[in-house]
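Participant: My questions will all concern the structure given below.
The values are calculated or read from the model by the stated rules, or taken from the named source; none is laboratory data. What you see is a predicted model, and the numbers here were worked out from it, not measured in a lab. Using ideal geometry, Cβ is built from the backbone for each residue, glycine included, and neighbour counts are taken over all protein chains shown.
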């Protein structure tokens with residue numbers, strides 16, 4: 001027998017004062033009495049002492065000494081060699097990814113994984129240590145190594161669900177690193193509870209073989225050291241328990257929306273549906289915008305088939321798009337998908353011109369433009385207004401967004417030269433959004449002016465003549481963006497071509513900052529990098545809040561650029577201002593029907609499952625063929641440590657000694 005704390009045996013020295021107090025006789029006091037006849041009568045009536053009566057005080061002493069010895073040995077924590085040899089250090093890895101929410105195993109795969117993990121935890125023996133690692137969106141250690149069964153069990157039950165991808169391989173590598181940090185001779189192993197829907201499962205399954213022997217629980221397989229996930233500090237074996245069946249599932253694997261690059265009010269939806277089953281299915285695909293149906297498509301998908309389509313719709317209003325797949329299957333998370341459609345804002349335009357019908361009409365037909373036509377530029381221009389100068393422009397262009405067309409005089413941003421008779425565009429910047437869907441190489445531009453930008457380092461040439469003169473260029477100045485187009489609209493054919501309204505639409509979109517085109521829907525579990533320029537309006541609070549689809553709030557710093565996430569639940573996440581921030585200057589008043597700036601989210605981000613791997617909830621067939629339900633042998637009382645039995649024996653002896661003491665007093 002060995003001891004964890006042999007120094008605790010020094011407590012046996014307390015037996016010396018116990019023996020001293022036992023042999024120490026109590027000196028009786030002498031007191032005079034009137035007679036001893038009553039004591040004589042009592043002594044005459046007493047029966048002769050039995051052997052037990054003579055020894056009972058000695059037995060009491062021995063019991064006290066035995067209790068002391070038991071307590072001292074229990075504190076020293078004795079153990080046998082076979083206990084140390086059979087001690088285990090186990091890391092339980094539970095896959096809490098999206099596919100583990102499938103209901104083919106009732107109530108869910110994750111609940112079944114927790115139940116089976118509880119069986120392993122219930123089999124903890126003395127000197128065993130368990131740890132818990134979650135293999136969801138981001139592998140993380142939930143509980144480090146502990147021998148407290150209740151601690152690990154509570155952590156398993158509190159493990160939350162996610163809609164993110166599975167990271168079992170990384171979680172196993174993390175578990176092996178944990179084991180590698182402790183090398184003390186204990187048996188090490190990693191037990192994984194998953195449905196097998198993770199990256200690298202093919203390589204892992206090729207390294208698995210059914211267990212033989214009676215010690216390990218059935219239903220598990222052992223990963224050899226050659227497995228890809230074994231490249232970690234520790235080469236502990238991996239036991240993989242498969243949860244789930246070959247259940248059929250149909251899911252939305254792609255759902256994105258963007259504003260049209262041609263139609264100011266239009267938007268385009270990209271949708272994809274995948275049938276991850278072995279049988280053909282029929283279902284219905286519905287799309288709503290702000291709870292109003294906009295399209296319904298009946299679908300017939302072959303086994304393993306895929307359907308995708310681009311929808312073109314029109315709406316100036318933004319809002320939430322919700323796609324719904326009407327089909328009962330094992331996984332609900334991929335039967336819906338969300339997207340955020342940016343709202344088109346009305347753009348004020350001030351046209352300064354002596355008169356040009358084509359130029360005026362190209363702005364009037366744009367439904368997103370509020371046009372004001374004047375002959376002379378006003379002294380002040382409202383903020384956010386795009387000022388268009390036709391022919392006559394001020395010597396110093398004002399701050400803000402400015403569009404100069406057919407300039408007749410020089411300004412602070414360009415010098416003007418001689419006329420170019422019939423310039424031919426030979427080079428244009430096809431990568432610039434200002435030239436999207438625009439061709440100028442076949443446009444007649446008589447009497448164009450030769451312009452020389454005064455800020456070449458801030459100037460982008462969009463269209464250039466064969467003689468290298470810039471005909472269309474942009475200037476990115478700190479005070480605001482500027483566009484310059486040198487073309488005579490009265491004598492050229494540009495106003496008669498489709499390139500003209502497209503060029504104007506591109507220009508207005510460029511002035512708006514390109515923030516109203518696309519708000520990409522992210523896959524669940526992704527990180528998002530955002531900046532304050534992405535917000536719908538400037539934040540007034542010192543701190544911001546990240547609101548999950550379930551309504552949970554998390555504080556964010558109000559900094560220029562930040563990374564948020566992982567966004568591991570499907571739905572619309574939003575960033576809002578903290579109403580309790582001190583920067584608001586006063587307590588927030590009760591909500592009324594009038595929307596205040598802090599009521600409107602600064603930014604909304606849609607998250608969808610959007611993963612063909614997670615939507616396909618069918619475990620690999622080769623793993624299912626070698627898998628049965630795990631039934632670990634419970635440890636029971638036989639696994640109790642030696643100190644437990646020593647304390648239990650000490651309790652019995654204490655009770656026996658107390659009974660003897662009471663008998664002695666009564667007799």
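Participant: Where in the stretch 556-667 are there helices (runs of 4 or more DSSP H), lying wholly inside it, with at least 2 residues that are at pLDDT below 60?
Facilitator: Per the criteria, 642-666.
Participant: Working only within the stretch 76-134, note down all residues that are modelled with pLDDT of 90 or more and part of a loop (DSSP other than H, G, I, E, B).
Facilitator: Of everything in the stretch 76-134, those that are modelled with pLDDT of 90 or more and part of a loop (DSSP other than H, G, I, E, B) turn out to be 95, 96, 97, 102, 103, 104, 105, 106, 107, 108.
Participant: Now for a different question. Which residues, counting only those in the stretch 537-555, are under 22 Å from residue 525 (Cβ atoms) and either modelled with pLDDT under 90 or in contact with a strand residue (DSSP E or B) (Cβ under 8 Å, 6 or more places away or on another chain) (or both)?
Facilitator: 544, 545, 546, 547, 548, 549, 550, 553, 554, 555
Participant: Determine if the stretch 487-498 includes at least one residue that is surrounded by 19 or more Cβ atoms within 10 Å (Cβ to Cβ) and either under 19 Å from residue 453 (Cα atoms) or without any contact (Cβ under 8 Å) to a residue 24 or more places away in the chain (or both).
Facilitator: Yes: the stretch 487-498 contains one or more residues that are surrounded by 19 or more Cβ atoms within 10 Å (Cβ to Cβ) and either under 19 Å from residue 453 (Cα atoms) or without any contact (Cβ under 8 Å) to a residue 24 or more places away in the chain (or both).
Participant: Could you go through the stretch 36-45 and let me know if any residue there is modelled with pLDDT under 80, within 60 Å of the chain's Cα centre (by Cα) and outside any helix (DSSP H, G or I).
Facilitator: no
Participant: Please tell me if residue 395 is surrounded by 20 or more Cβ atoms within 10 Å (Cβ to Cβ) and either under 27 Å from residue 478 (Cβ atoms) or not assigned by TED's automatic domain parsing to the domain that holds residue 376 (or both).
Facilitator: no
Participant: Search the stretch 456-480 for residues that are not assigned by TED's automatic domain parsing to the domain that holds residue 435 and pair each with any residue that is crowded, with 19+ Cβ neighbours inside 10 Å and part of a helix (DSSP H, G or I) when their beta-carbon atoms are under 6 Å apart and the residues are at least 6 apart or on different chains.
Facilitator: Nothing qualifies.
Participant: Now, a different point. How many residues, within the stretch 256-314, are exposed (fewer than 14 other Cβ atoms within 10 Å of the Cβ) and closer than 16 Å to residue 336 by Cα?
Facilitator: Residues in the stretch 256-314 being exposed (fewer than 14 other Cβ atoms within 10 Å of the Cβ) and closer than 16 Å to residue 336 by Cα: 8 in total.
Participant: Which numbered condition in (1) farther than 19 Å from residue 351 by Cα; (2) over 46 Å from the mean Cα position of the chain (by Cα); (3) assigned to a helix (DSSP H, G or I) is the only one that residue 457 fails?
Facilitator: (2)
Participant: Of all residues being in a loop (DSSP other than H, G, I, E, B) and within 22 Å of the chain's Cα centre (by Cα) in the stretch 507-532, which is modelled with the lowest pLDDT? Just the residue, please.
Facilitator: 519
Participant: Take the conditions at pLDDT 90 or above, closer than 23 Å to residue 462 by Cα and either touching a helix residue (DSSP H, G or I) at 6+ places or on another chain (Cβ under 7 Å) or buried (at least 21 other Cβ atoms within 10 Å of the Cβ) (or both) and apply them to residue 341. Does it pass?
Facilitator: In short, no.
Participant: Taking the stretch 462-485 on its own, how many of its residues are buried (at least 16 other Cβ atoms within 10 Å of the Cβ) and over 20 Å from residue 400 (Cα atoms)?
Facilitator: The qualifying residues number 7.
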